[in-house]
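The values are calculated or read from the model by the stated rules, or taken from the named source; none is laboratory data. Please read these numbers as outputs of a predicted model, since none were measured by experiment. Positions of Cβ are backbone-derived with ideal geometry, glycine not excepted, and every protein chain shown enters the neighbour counts. The area values use the complete protein model at the heavy-atom level, side chains included, leaving out ligands, DNA and RNA. Shrake-Rupley method; radii C 1.70, N 1.55, O 1.52, S 1.80 Å.
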Amino acid sequence: MSTYSATNDLKIFQEARDSFLNSLSPNERSLVSPCQDSEELLKSLKSLDKISKNHRGFQKAVGKVKRFCDRLEPYFEAIGWFVQSHAEFAAIAWGAIRLIASNFSTFFDKLANTLDRLGFELPVYSSLTEFWRQENIQPSSRIREALCKVYKDLFLFFQATARIFLRKDGNSRNTSLIVLDLFWKPYDARFKDLEESMNLHREVLSAYLDLETLKHGVQSNAAASQAVEEAAEARLKIAEVQLTLEQTRETSKRTAEQVERAYRDSVLDRIRRWIVAPGFVDALERAQDAREDGTATWLFDKPGFQSWMKVQNTRTAPSKFGVNALWVQGNPGCGKTVLAASAVDEMANLSHTRVCYYFFHYQSSSNNAISAYRALLAQIIQRSLTDQTLLDHFVLSMSEHSTGQSVASGDELLDLLRFCLQHVKDDAVLILDGIDECDEAARFVKGILQATERTSARILIFSRPNVPALNESVSPANFFHIGRSTSKDIQRFFSRKLKNLVDLELLPRRLSQTTLIDRLMLGADGMFLWAHLMVEYLNSSALQPLTRIEIIMSINLPEGLDDMYSRIWNLIYRGRKVEQNLARWIIKWLSVAKRPMTSKELQESTQVIDQHVRSKQDFPNFNRAVIEACASLVECSMVEDPRYDEPVPSFRFIHLSAQEYFTGTNENADGRISIAESHLEIARGCLQYLTFCIPAQPLSGETGRDAILKDLEEAFPLYRYALTYWLDHLLELALKPLHAGISSAITGSNESAWQILHRVFSDFMSQRRVQMAWIEASYLFQEGVNFEALGKWARWAISTENPMRKIAEPYQQTYHDALEHSEYLEELHSVWGRQLKKSPVCIWEEVTAFTPSRLLPQTDTTRVDTLMAGSPTSQNVSSRHLCKISEVDASGTLVGVLSIWPSRLYELGSQKTQHQHSGPDFESRDRCTGWFARYEIWSIADDPSKIVNLDIPLDSSEVRLQMRQSGWSEKSLNRGYANDSTEMKLQFPLSISPDVRSFTILRSVFMLDEMTGLDLELRSAIITMDFNQRLFTNWMNASDNTSLDEGSTRDLLYEYLYWTYFSPDGRFLFFIDNEFAEPSVIAVFEIRKADVLSISLLSSQTIDVTGFNERNSGFSVSFHPTKPLVTFVVADTLHLWAFRHETPASLCRLQNTNFHFVPEITFSNNGAHIVIKDTPSGPPTVLPFQSLPAELLEILSKGDGCSPASNTKSLIAGLTDSDTMIRSSFAGAITSNDRIISAERSIENVTITLWPPKSDPKPSSAKKFELTKLPSWEGMDQSSLSIKLPRNKGELVKIILNKAASRWSDFSKDPAQERFPAVISRHPSNIKDISTNRKRRLQDREEDSVPNIKEDRDDL
């Protein structure tokens, strides 16, 4: 029997409540005001401005908190049954939730998600109180104990969460209050423990309800009494198990501690990868190394610094720092950075002080606010490896409820920095140097203001005085001006250095050092940089001892840094020519380079230091050579480069003021380098490097194989920079001529430099293979050629805006070529950009065959011929064709092209009609008169030549009939609003027979007589539509001579459409139509040639085509090569029709052939299989002919069919002559071992695939060959593919891109450049095997014999 009492109830509730309150600081404890119920909690949350106004997902997050409250309400109702007089237990719980939820606005959504999950884990306590009411009983001691434990677990959760979100007062936490939390674990792992506890509570509640139900029903059910006893026995056994578990607790603890260490290391690694701190220690170490012994300590004795050390945060306004911020100001060169490094050393030695620092530098790639936040957080983490609460907070920020980025965002970094500064128990000190050099000074200062709000952190800032954000946020009372405070340090520095000069016999010993130091101190005027530069200057071997004394004694007034830089620059000019040239070259790069240059890049650039290109310069020590040549104006540094895993050697000016000296407005003073000259020389050098240092060939050394970027950059270190920025440097001259100092610099520049630039540019443009290498590299290193910049430069060079245009006059043609080239490169990018990005080397292959330019070499591996359709000679014909189709014959030597040319009146009227559908104005006889068809036949056996050219006038009544049947228009939209202008659309059925001697225009069939001699006879016949009553009625109504009433319309869905298809031998014609809500009529006609051309109906049927709509889905048709059988897919269903027979069995649907998209279907060339492309990728489906329904096979065994194809023997073993021709976009031969050879045209290329037989268990054995890449031509998606395979290795592969029939024809779009049909001829050696993701040339195969498909040795 349990001895659990009401006293125990109260004790547990009180302990849980008190432990939570004791974990808070006194100030925060006072903020925990009781909350009467959940309604008051939600109302107070909604009133918090810092959440509701600054949090985008506020309403959604509050909804999650409400769901948690709704689940928690029944629990507090349950405990109210036995602690009615202590309502404060529920009130303090609601208040705890309010305190936690309101503390951090950024993390409010994360807490809301956690509460939402917790709510779903809570037991359903409403069933408990309902049970007590029904049975009119009081809670037993067991259930009271269980409810108390839930309360305890909830407050453990509140306490753990408070430790993450709330600031501490520095006192040690009472660890005994955290039950079962004996070792370090992150917040997310602790919450999983709480979820498990809630699962146990839910099980206890369920068991209790079952037990109580049985007990109260014991009088009416004797069996229940036994069940109660058994339940009690089971409970006892559970207690015994719990005791056993307690005994193993210590063992588990030891194991857990091992897991803890491994998990903590893993979490720390995750945190570091999430913060991604930049390199920040090097800057501190450089400043520490520059510090002279015994210097930079005076600051710490100043009263202002001592006062700052003792203050607490007393900020009175969010936008201003309090006395906790001290701004140490100084002019350029006064030693601020060294002083900041000294402060880091000084304060790091203080106890209970946590110092974090960041030094900005103008040339650093991490010279921004976010990089500084990352560096500061990295230092805090490194000093907090055992701080569980801080690490918990980082884990929470990286959880699934964060932004989802792999690295922390700026807002997350700031919020974490604020939390860390509030949480750390030591005094936090931020030392920040060079804010005046930060790229985002205002943003950074604002962020530090936010991060240090309500913290005790102190901020020590070093910068020039010219930072507006600091002037606005730091009180003048907290300014400290360095001024001449460094004088004693400088004097000590001079004393040591002069002694060294005397010891080295660079100064005579007899002179008084005091006099020399006084002069030097006068010149330095408090600038440590001046002192350093002067000592370096005096150490120059170019000076004599007496000269050094004269220089020192000539100092009568304080000098600025510019005077010192001029002195050093004059010293460089007095040096050897080779060193002078190197110094000028390096300073030009450091002055205007578009990004920090690596030492390796600068060394590589010395090959083009002047107009004479040199071989690679082998410096024994390039870094030393640069430092000595530049006479201390430049120093070595390390730069972050994404190409390398770690910082790499680089150079930079000794100080920001040095860069300002060389890039300021006083350029050309004292012979210094001008900005214009620097840009001009660097552009010239980059062009020379691209022209003469890079091999004018495929970058990998051979066509067909892309270069490896890493190898290329290793071989040519300057390649990336020269390629990326040469035009940017030229545009600095072209687009900014009115910028201060640049205009005069241009006109004052040495003309020879401009002449050299134009000559080098001309060399670059005139060498075609250099251009090819440039294009390839542009797509390898970046996103393509900057054709816009090239055009801008070329236009400016020959314009009146160029003050040096007279020098460019001899190169006028070069710049006109450059303009033409920029337009070509734009076109190249639009049609080949996607391909060039994937494989830049293809510029050397088929690209220039499809898109030629006179400025580039033409490839000899590929030839592309476009068969241009001529227009009829009539003056009243339209300016462009309405529609066009083409077809290649079975031999692959003839191409027929059929185009329709409306009247000029139709062309003009179709773009202006106001009626939604056809009407009398559109169908007027004038518009339907004067139409022509042009039929051309081209021979493509060798060079394409036109051998047939026929203009055929069209019957105006037939044209008008077609308009009435299918003409329609839809209103165009302009920014979402209807426009009165409409475009007329018309279906115009056309087809060409596979032998190209017959063709159809609407329902008229034309046939050319034998093409012998010069005269050709064109015969024609018309298909009558009287074989079907509905069809006859439809056509007769449409052909009625009366016009439609003015303004009458038809629903778009009721248009009548039809299509025709020839059999392979041109003997039969398949017809199919479509009309809304009506079955489709299919028919096959036989075309007979005698004295007159005749067309007779063989058979017709009607089929149900529910769901068929030609606007949204097409269909595929194929005749059997020898049997009277046609197969077609319509309405996503495969049909087979033995068209010479009228029996029901002659038309059948194949079962289980419904497709997700319209497949392409064909018979194999030998007719033994049906080949279906029914998946976007993967092998086709092959149906053996003999697997067709038996009734259909029996019918087909009777009667004749199509004429058999030519059986001329092919030189490819296993294929007949006709087998070498693959027609349509998916078709081909099936070999004796059931292998399929198929062709496909994608948006990127033309490929042939040799599929393995179905019996092959390895689908990967399929071999795929790329015949050619394809440009992104407009209309490519409406082209059909035919391929003529070579019969021997001496022949070319011919790829014919035919113009396929369009579903609708109109003049709505601007006429695109005539592209189709196109004939592509390629040598088989250029076919690539792409089946194994490597571009292997077939010519490298070992077999020299004629390949054999049957033996799987087909080289195509």
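Legend: distances between Cα atoms for Lys302/Lys499; Lys884/Lys1264; Lys1269/Lys1299; pairs beyond 24 Å are Lys302/Lys499; Lys884/Lys1264. Net charge within 10 Å of Arg1019 by Cβ-Cβ distance, Lys/Arg positive one each and Asp/Glu negative one each, not counting Arg1019 itself? So the surrounding residues net to -2.
Taking the Cα centre as origin and putting +1 on Lys and Arg beta-carbons and -1 on Asp and Glu beta-carbons, what dipole magnitude results for region 376-504, to the nearest 20 debye?
In total the dipole reaches around 940 debye.
Can you check what the Kirkwood hydrodynamic radius comes to for region 765-891, Cα pairs only, in Å to one decimal? Computed over region 765-891, the radius equals 17.4 Å. Applying the Kirkwood pairwise sum to the alpha-carbon positions of region 445-557 produces a hydrodynamic radius of 16.9 angstrom. Could you tell me the ratio Rg/Rh of region 930-969? Both radii from Cα atoms, Rh via Kirkwood. Here the Rg-to-Rh quotient is 1.25.
Rolling a 1.4 Å probe over the protein heavy atoms leaves Val948 with an accessible area of roughly 10 Å².
Could you quote the convex hull projected area for region 419-464, Cα atoms only and averaged over all directions, in nm²? Mind dumping the intermediate values first?
Numbers: hull surface 12.9 nm².
Taking a quarter of the hull surface, the average projection is 3.2 nm².
Computed on region 347-476, with alpha-carbon pairs under 8 angstrom and 6+ residues apart, the relative contact order is 33 percent. Accessible area ranking (1.4 Å probe, heavy atoms, ligands and nucleic acids excluded), largest first, for Asp942, Asp610: Asp942, Asp610. Go through Lys320/Lys488; Lys946/Lys1263; Lys1173/Lys1328; Lys336/Lys600; Lys66/Lys425 and tell me which ones have a Cα-Cα distance over 25 Å in this structure. In this structure, Lys320/Lys488; Lys946/Lys1263; Lys336/Lys600; Lys66/Lys425 lie more than 25 Å apart at Cα. With a 1.4 Å probe rolled over the protein heavy atoms of all chains, the accessible area of Val864, Val897 falls in the order Val864, Val897, largest first. Rolling a 1.4 Å probe over the protein chains gives Arg71 an accessible area of about 70 Å². Maximal additional length on extending the Asn349-Arg492 stretch stands at 49.0 nm, based on 0.36 nm per residue less the C-alpha distance. Accessible surface ranking for Arg925, Arg1088, 1.4 angstrom probe, highest first: Arg925, Arg1088.
Accessible area of Asp1306 (1.4 Å probe, protein heavy atoms only, ligands and nucleic acids ignored): about 40 Å².
Evaluated on region 334-478, the Kirkwood hydrodynamic radius is 15.9 Å, with distances taken between all distinct Cα atoms. Site pair Gln1278 and Glu826 shows an inter-label distance of 2.5 nm when each label is modelled 7 Å from Cα along Cα→Cβ.
Here the ratio of the Cα radius of gyration of region 408-488 to 2.2 N^0.38 Å is 1.21.
Residues of region 844-901: accessible area per residue at 1.4 Å, in Å²? Present the calculation step by step, with values, prior to reporting the outcome.
Values: 2020 Å² over 58 residues.
Per-residue value: 35 Å².
Computed on the Cα atoms alone, the convex hull of region 483-522 gives a volume of 54 cubic angstrom per residue.
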